[in-house]
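Below is one structure, written out as structure tokens; comments come after it.
The values are calculated or read from the model by the stated rules, or taken from the named source; none is laboratory data. Since this is a predicted model, take the numbers as computed values, not measurements. Reconstructed Cβ throughout: ideal geometry from the backbone, glycine too, with neighbour counts over all protein chains shown.
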Amino acid sequence: MTLADRARAPGHIEAPESTDVADLGVARPLRADVWRRFKRNRLAMVGLGFIVLLTVVAIFAPWIAPYSITERASGEFRDGPSADHWFGTDAIGRDVFSRVVFGARVSLRIGFLATLIALVVGVTLGATAGFFGGGTDSLIMRLTDVFLAIPYIILAVSIATVVGRSENSIILILGLTGWLFVTRIVRASFLGLRRLEYVEAATALGFSRPRIMFRHVLPNALQPIIVYGTIAIGAVILSEAALSFVGVGPQEPTPAWGRMVADAGGGSLASAPHMLFFPAMAIVLTVLAFILVGDGLRDSLDPKLK
């Protein structure tokens, strides 16, 4: 029998020419599924693109900036944007564009490291409170309430008075004051997860509590932590700018964006608005980018939106 006869024979089913993973009902990997939904959010992709661009600028700042952060142009004080100085010069003749470019390094470093410290402290305390409950939970949450009751600026200034006002000090200050909300988020997640069957099974098998907390429960509580951590980076950058504005942030000649905004105040605001506009826009766009990415991750990680 020829192939054509076999194809026409009763009961014969011809194999499909091609197979598609989606047609066969094979589930996509979780990361691929999250990325697919994330790409649909145009604002989140714009935010991600800006963060990538800002990271590249921070890494290659010495090659991008035409001047150093301390180099002064003779006789060019508070000059507006020009071919030689794209963002103009500041009150002592330094190139604003170069300082904004190098300021990206300062802001991103402070944002990422301070957020990392806050997440480590917050996740540890929140997981402990939510998993153990009882007196441990009450003690940790009352401690959190005490810190929340203290005005943020007063707490930051007090710590800065003790540890100093260097860049590393600001990272420590923002990290040690940023764990409060992380603790509450993680605690709420652990309170719901600790009663599930797989946790009871792991306990029955004799696994230690730290192993159950961090190897079994924590992976299932990562969704809100990832979302909050992304948004928190932008919040930390904004907090650093606020501290620099009031004189508590990194000191000269460190090109902190908040310090540059503070230097543009007073009489310079009317005569040299470029000194305020460019660093302020850098802060606004950076914070907005992290918020957009955080919102995109929240929607992408939500299983109800599949």
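Among the residues of the range 143-154, some residue qualifies, meaning at least one is modelled with pLDDT of 85 or more and crowded, with 18+ Cβ neighbours inside 10 Å. For the range 211-220, the criterion of being charged (D, E, K, R), over 25 Å from residue 34 (Cα atoms) and in contact with a Phe, Trp or Tyr (Cβ under 9 Å, 6 or more places away or on another chain) is met by none of the residues. Taking the range 114-138 as the range and being hydrophobic (A, V, I, L, M, F, W, C) and surrounded by 14 or more Cβ atoms within 10 Å (Cβ to Cβ) as the test, the residues that pass are 114, 116, 117, 118, 119, 121, 123, 125, 127, 129, 131, 132.
When 83, 91 are checked against the criterion of being among the aliphatic types (A, V, I, L, M), in a loop (DSSP other than H, G, I, E, B) and more than 24 Å from residue 251 (Cβ to Cβ), a single residue qualifies: 83. Tell me the residue from 115, 70 that is under 30 Å from residue 211 (Cα atoms) and hydroxyl-bearing (Ser, Thr, Tyr), please. On inspection, the qualifying residue turns out to be 115. Filtering the range 148-167 to residues that are assigned to a helix (DSSP H, G or I) and farther than 15 Å from residue 241 by Cα leaves 148, 149, 154, 155, 158, 159, 161, 162, 163. Among the residues of the range 36-83, just one is touching a Pro at 6+ places or on another chain (Cβ under 8 Å) and surrounded by fewer than 17 Cβ atoms within 10 Å (Cβ to Cβ), namely 70. Scanning the range 156-200 for residues that are exposed (fewer than 13 other Cβ atoms within 10 Å of the Cβ) and either on the phi > 0 side of the Ramachandran plot or in contact with a His (Cβ under 9 Å, 6 or more places away or on another chain) (or both) returns a single hit, 198.
Just so you know, in the range 22-46 the residues that are touching a Ser or Thr at 6+ places or on another chain (Cβ under 8 Å) and not aliphatic (A, V, I, L, M) include one that is modelled with the lowest pLDDT, and it is 35.
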